[in-house]
Protein chains: 4
Amino acid sequence: MKTKTLLIAILILGNLTLTAQRRVLNMPDIPGYVTLKGDFHSHTVFSDGMVWPNIRVGEAWRDGLDALAITDHIEYQPWKEYIPTDHNAAWKIAKPVADAYNLILLHGAEITRSMPPGHLNALFIQDADSLDKPDFMKVIEAAVKQGAFIQYNHPGWTSQHPDGIPRLYPVHIELIAKGWLNGIEYFNEYETYRNATVMEMCREHKLAVMGNSDVHGVISETYMEPEYTHRPVTLVFAKERTMESLREAMFAGRTAVWYGDSLAGFEQFTGALFRAAVKAGVPYKDDGKNIFFDIINNSDLPMKLTGGPEGAPKELTLPANMVVRVRADRRYLKQPLTYSVSNIVTGSGTVLNAEIPVPLK
Amino acid sequence: MKTKTLLIAILILGNLTLTAQRRVLNMPDIPGYVTLKGDFHSHTVFSDGMVWPNIRVGEAWRDGLDALAITDHIEYQPWKEYIPTDHNAAWKIAKPVADAYNLILLHGAEITRSMPPGHLNALFIQDADSLDKPDFMKVIEAAVKQGAFIQYNHPGWTSQHPDGIPRLYPVHIELIAKGWLNGIEYFNEYETYRNATVMEMCREHKLAVMGNSDVHGVISETYMEPEYTHRPVTLVFAKERTMESLREAMFAGRTAVWYGDSLAGFEQFTGALFRAAVKAGVPYKDDGKNIFFDIINNSDLPMKLTGGPEGAPKELTLPANMVVRVRADRRYLKQPLTYSVSNIVTGSGTVLNAEIPVPLK
Amino acid sequence: MKTKTLLIAILILGNLTLTAQRRVLNMPDIPGYVTLKGDFHSHTVFSDGMVWPNIRVGEAWRDGLDALAITDHIEYQPWKEYIPTDHNAAWKIAKPVADAYNLILLHGAEITRSMPPGHLNALFIQDADSLDKPDFMKVIEAAVKQGAFIQYNHPGWTSQHPDGIPRLYPVHIELIAKGWLNGIEYFNEYETYRNATVMEMCREHKLAVMGNSDVHGVISETYMEPEYTHRPVTLVFAKERTMESLREAMFAGRTAVWYGDSLAGFEQFTGALFRAAVKAGVPYKDDGKNIFFDIINNSDLPMKLTGGPEGAPKELTLPANMVVRVRADRRYLKQPLTYSVSNIVTGSGTVLNAEIPVPLK
Amino acid sequence: MKTKTLLIAILILGNLTLTAQRRVLNMPDIPGYVTLKGDFHSHTVFSDGMVWPNIRVGEAWRDGLDALAITDHIEYQPWKEYIPTDHNAAWKIAKPVADAYNLILLHGAEITRSMPPGHLNALFIQDADSLDKPDFMKVIEAAVKQGAFIQYNHPGWTSQHPDGIPRLYPVHIELIAKGWLNGIEYFNEYETYRNATVMEMCREHKLAVMGNSDVHGVISETYMEPEYTHRPVTLVFAKERTMESLREAMFAGRTAVWYGDSLAGFEQFTGALFRAAVKAGVPYKDDGKNIFFDIINNSDLPMKLTGGPEGAPKELTLPANMVVRVRADRRYLKQPLTYSVSNIVTGSGTVLNAEIPVPLK
């Protein structure tokens, strides 16, 4: 089955099959910015991935993403015997499909060297062929001239870093000094660097904190419930939903990383997300000693609260898109309620301190 | 396990167990009103149900309902050998639990006669014992004196109506004339009267269209996916979320019925719900011939559109809480898009005619 | 809806509704015995439970159980104001329904005292009313005269044992000496005593290891995926599927406890279950250095293997009803493969040591 | 991430990732034969599919298949601009992976012509390049010389057959006369030819009834619950689980097709499957008028029984891997119970007539 008629449909019109649906990823906007969801690291058969480029577009659209980068390896094409090297092929194939789906597709490539410097993604480029040359610094320079955002990938990958500890080598420091390094992956595929200093590196050098799938196989088989309800995404706080705004926000470091049931990002952004998602209701009952009220979590991220104040629950989980009923002792209750959010990481060893105001009458 | 300590917790404080969560039923408010969700027909062990009253409160809270009526049969207590008749017992047991959960609990009873008049619920009553007397009209009079809303239950139930055709008998006409009948069930348990004239009866006599579970067993085992994502509910369009507003709206007939993936209600209300839930986005692509845009359905009700206009898809399903991507031919497209919504019933044999404006630039 | 017609159906004929289905719990028989599944601790509205007795029968049938005991409290009826004490009521109501479903229903009661002696279930009794008297030893004597199996319930329940450490008090030792104590709960509701000495008490005194739900609410809402795929059950290795065989096996201590993804029981029984469920296939590939073969786990219990031998995987999870593919180094491989099964507990601090023979040609 | 180290693992050792599991498809063997499950029609990027060949092997292994054919189009390579034509590439890449997973991989190709003759799969070939020549009959002859089984694909595909009615054209009759046509697809992707004469064509000409996925995208996204619990498969009743036995059985026409919740095949095979899966238990209750007994369905195929005999239920659904409880009136009951199985098709307009013996004592 499926000859030219169907192919034209997919490539030119980009039609959906009857069952195709786009999920709405529920993560609120924050004051002044829309919250865009992106995956800035993925592969196809044009390097060592196992799918055709338009599969990546369909996956991203169904997953509710706003932006996607296909970043095939420049220096590594294991299927070369069957597929001749063409660093721009995935982009050429995927771009018209992405346009027909209103997905922001970034032209990208993964510069693939041994450590240091390791692997780096060049995003928002014009021509990946121009990055296929031996001198690493020349490659980065060529990418930067095309307007690229440079991301240092999986800095604690044990195949390149046997101790699993992310580090900035002199070459990275040199890149930073030139303004040629713009973000670091805090999360890659299944791997997080929570106990390391990636977030501090980003804070010190004003780089964006990034988190991506680095998918090679199929997204729906890589991230399965109950462990994962969605792929890891980089949240980008942009002025509007355009390629230009996305790029501006990434260079400005306005990002956070959402992986599994956790979030990582600087307090300025994750605190705003928390306040946009979590609201306490007016107490509906007051028996003199106790007050009863609801807290709603209007996001797909559960919130795991610990260290509650006197008079309120010490621990409280606010499941995604649900309401929790709270009883508090009004004799001790201080406003607003203060909690540590154990699944929102703000730095090496720190988590978000959040406040929940209760609208007492 | 579980002796006095736990019982006190459940009965007096109404505490949640650790895993209890309240689902948010996503059905938008309409201009001027909040959309309350209620189930106005349920049973406990105090007639022929199989659960203790506080189970009903917990179920309703977790299901995201705003209001619940427990309506045990007045004339039928098959467990009488073990449980002495006490028509107010379920109310006395459930009320403090409902208060601790911010659930609007209606005091109710089901007057249970052979047909005609069949079964009728008296809602918002003060004392169910006063309804236990032989003369039917005297019972209704007593209920009405207490402020009751009278609902004619499952009018096409084949055990009482072998042909399954709902009818108004002279006794019902007499009740209507006195203002003593205020609503009719269009949906009961698993049963709908779509092909009958219940909605026309309600329209002609200005009665509320009602839909309820009439649950005897356990809600979670009665309504299971994939057939059911929630129990049937009566949507009530009230000025605010209070018992008094709920009652005012029901007497004014501002209701609709949500069952399975369908909705039934007069166009005035279901049209407003549709417009509140469904929005088309600004087209993101225009190739001269075709325009491409998204339609979001921001509700838990899928919308099944048929009979589309020239230039647009003839059929279109908008899944719950999802986005659908649409391609239309701009040469033929007329604004707004017009569709029949096959799963929103507005009368006997009629469905909602809906319009979707596309914000062309 | 639902008046006499339906009730007769449920009580006399015990008919299923259209969607009722009985799950097959896949746990193999062992040589010489059938593996019966039972829950020997549950409550109804006749003590502090929240469901009518026939709900318990329907739940047990659908859950694939062979045997059920309803064990309402003798000394505790919090709903007494509404339901007069009748210790045999649940049995009288549930027995004809159980017969119509081929479920082995045990007449039972929970003797409910402060600690010591705490709570004890009397199972296989004739008359629960005869157990309602003050003198504890007289009560046990009366139960034993009726043929009762006596089970010491939740010995580490913190409401009675603030430190959560299960103990045998002198009264229990006295019962054991008389042959009046026959089993101890190792698992109750959500609670296990893995790090305590319950299994050693059972081993020393030749008592049956028991695990039950102690359910008060609704089974399907108490044990939900992904944490639980079924309620906790006591596996009983009986000569045949009859009440008499079940009783003989329990007195003989031929039991094991299956809760969540874990199993607890003496090596004699859990080892036999493991061997009945887990089989390696003939290697299908041998490249001189490596051999490749499948291992099937034909049970609903995943097997978590650790401490594998040289040449084979160190760790291996055999998911329920699935096949795992194994590669081993034939130069080092010794037969049979030896593993510790970390989720099969055989005593305080010990787990099952299992062997898997690989049928090398 | 994922450079040479990982690639070697996948290509040479064929290792599973940690979460990979092989599902057991529960369909019983029949007397004299093992029931093999195969999908004999699938595509990769080497024609118009969207995945790399080893993805197909992993999918088939996880889905519990015994056999798979990759059948890329000979005459149609829409990605030719990027991937030079190599008709044997998918086979060369997938074969070592299949060997490491114990999957029977068939070397195949889809001969892709306009209708007539339409599309035909050549299975069990040696060299697909030799099939790339203009003369259709020469191509089939070359395939047959290599030992090929020739399958006529999707004979009612509306792109080639606008009226959707499967037909044998003179060219097919010629193939049959030469023994060069061996099977016809009764099911393809989502499409069945239940109301047509495909099964009668197979019966008359002694051809195998086939059913396959013809997958181009990803299996897990093509067949999703609740509509599909597995991909369509051809059941092959073989003497043993080897390539040679599989081939012998297919040429002998010992097949059936399992798609969605339906089965299609000649009575000889589907009747044997039914008898192997469905068993009634000894009645456990007999009240003089009624007997009560269980029926187990030990397969993944639900059985939808209609037209039951007097004294027994008229309709009965036996869900997959479940037990159903049956009440029958012993005064009228004749042995064995006779039913039509509405979801087991045995010909054009006919379904299986099945018998269930009840082991009355």
ask   = Inside the stretch C:78-92, can you point out the residues that are within 10 Å of another protein chain (Cβ to nearest Cβ) and either touching a His at 6+ places or on another chain (Cβ under 9 Å) or in a loop (DSSP other than H, G, I, E, B) (or both)?
value = C:Pro78, C:Trp79, C:Glu81, C:Tyr82, C:Ile83, C:Pro84, C:Asp86, C:Ala90
request  = Please enumerate the residues belonging to the stretch A:147-166 that are at pLDDT 95 or above and surrounded by fewer than 16 Cβ atoms within 10 Å (Cβ to Cβ).
outcome  = A:Gly147
task = Taking A:Gly147 as the residue in question, decide whether it is outside any helix (DSSP H, G or I), under 29 Å from A:Met224 (Cβ atoms) and either away from chain D (no Cβ under 14 Å) or within 24 Å of the chain's Cα centre (by Cα) (or both).
result = no
ask   = Does D:Thr255 qualify as being of a type in the set (Val, Ile, Thr) and under 15 Å from the mean Cα position of the chain (by Cα)?
value = yes
task = Using the structure shown, decide if A:Glu110 is within 11 Å of chain D (Cβ to nearest Cβ), in a helix (DSSP H, G or I) and of a type in the set (Asp, Glu).
result = no
query = Only one of (1) among the small types (Gly, Ala, Ser); (2) without any contact (Cβ under 8 Å) to a residue 24 or more places away in the chain; (3) within 14 Å of another protein chain (Cβ to nearest Cβ) is not met by C:Ala142, so which one is it?
reply = (3)
key: Qualifying residues in the stretch A:21-53 (those that are at the interface with another protein chain (Cβ under 9 Å from one of its Cβ atoms) and open to solvent by 10 Å² or more (accessible area, probe 1.4 Å)) - the one nearest to A:Pro84 (Cα to Cα)   = A:Phe46
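Can you spot a residue in the stretch D:83-92 that is within 20 Å of the chain's Cα centre (by Cα), open to solvent by less than 10 Å² (accessible area, probe 1.4 Å) and at pLDDT 95 or above? Steps first, please.
To start, the set of residues in the stretch D:83-92 that are within 20 Å of the chain's Cα centre (by Cα) comprises none.
Checked against the condition, which is being within 20 Å of the chain's Cα centre (by Cα), open to solvent by less than 10 Å² (accessible area, probe 1.4 Å) and at pLDDT 95 or above, the stretch D:83-92 yields no hits at all.
Restricting to strands (runs of 3 or more DSSP E) lying wholly in the stretch B:188-301: which have 1 or more residues that are open to solvent by 10 Å² or more (accessible area, probe 1.4 Å)?
Because the criterion is at least 1 residues that are open to solvent by 10 Å² or more (accessible area, probe 1.4 Å), the strands (runs of 3 or more DSSP E) in the stretch B:188-301 that meet it are B:255-259, B:262-264, B:278-280, B:290-297.
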ask   = Do we find a residue being in a loop (DSSP other than H, G, I, E, B) and surrounded by fewer than 16 Cβ atoms within 10 Å (Cβ to Cβ) anywhere in the stretch A:342-355?
value = yes
inquiry  = Looking at the stretch D:113-138 only, could you name the residues that are open to solvent by less than 10 Å² (accessible area, probe 1.4 Å), farther than 23 Å from D:Met243 by Cβ and not in a loop (DSSP other than H, G, I, E, B)?
reply    = D:His119
ask   = Can you name the residue in the stretch D:302-326 that is part of a loop (DSSP other than H, G, I, E, B), open to solvent by 40 Å² or more (accessible area, probe 1.4 Å) and more than 8 Å from chain C (Cβ to nearest Cβ) and, of all such residues, is farthest from D:Ile30 (Cα to Cα)?
value = D:Glu310
inquiry  = Condition first: away from chain D (no Cβ under 11 Å) and more than 16 Å from the chain's Cα centre (by Cα). Now tell me which residues in the stretch A:93-107 satisfy that.
reply    = A:Ala94, A:Lys95, A:Pro96, A:Val97, A:Ala98, A:Asp99, A:Ala100, A:Tyr101, A:Asn102, A:His107
Residues that are at the interface with another protein chain (Cβ under 9 Å from one of its Cβ atoms) and in a helix (DSSP H, G or I), drawn from the stretch B:54-69 = B:Asn54, B:Ile55, B:Gly58, B:Glu59, B:Trp61, B:Arg62
Among (1) part of a loop (DSSP other than H, G, I, E, B); (2) of a type outside the set (Lys, Arg); (3) buried (at least 22 other Cβ atoms within 10 Å of the Cβ) - the single one B:Ala100 does not satisfy = (1)
query = Is there a residue being touching a Ser or Thr at 6+ places or on another chain (Cβ under 6 Å) and over 26 Å from C:Ile55 (Cβ atoms) anywhere in the stretch C:132-153?
reply = yes
inquiry  = For the stretch A:178-209, which positions are closer than 17 Å to A:Val236 by Cβ, more than 14 Å from every other protein chain (Cβ to nearest Cβ) and of a type outside the set (A, V, I, L, M, F, W, C)?
reply    = A:Asn182, A:Gly183, A:Tyr186, A:Lys206
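Looking at D:Arg275, is it out of contact with any Leu (no Cβ under 6 Å at 6 or more places or on another chain), in contact (Cβ under 8 Å) with a residue 60 or more places away in the chain and under 18 Å from D:Thr234 (Cα atoms)?
On the way: out of contact with any Leu (no Cβ under 6 Å at 6 or more places or on another chain): yes; in contact (Cβ under 8 Å) with a residue 60 or more places away in the chain: yes; under 18 Å from D:Thr234 (Cα atoms): no.
For D:Arg275, the condition - out of contact with any Leu (no Cβ under 6 Å at 6 or more places or on another chain), in contact (Cβ under 8 Å) with a residue 60 or more places away in the chain and under 18 Å from D:Thr234 (Cα atoms) - is not met.
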ask   = How many residues are of a type in the set (Phe, Trp, Tyr) and either more than 18 Å from D:Val351 (Cβ to Cβ) or more than 28 Å from the chain's Cα centre (by Cα) (or both) when one looks only at the stretch D:268-326?
value = 3
inquiry  = Just checking, does the stretch A:21-32 include any residue being modelled with pLDDT under 95 and of a type in the set (Lys, Arg)?
reply    = yes
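The values are calculated or read from the model by the stated rules, or taken from the named source; none is laboratory data. Bear in mind the structure is a predicted one, so any value in this text is a computation, not a measurement. Positions of Cβ are generated from backbone atoms using ideal geometry, with glycine treated the same way; all protein chains shown enter the neighbour counts. Heads up: the accessible areas ignore ligands, DNA and RNA and are worked out on the full protein's heavy atoms, side chains in. Shrake-Rupley method; radii C 1.70, N 1.55, O 1.52, S 1.80 Å.
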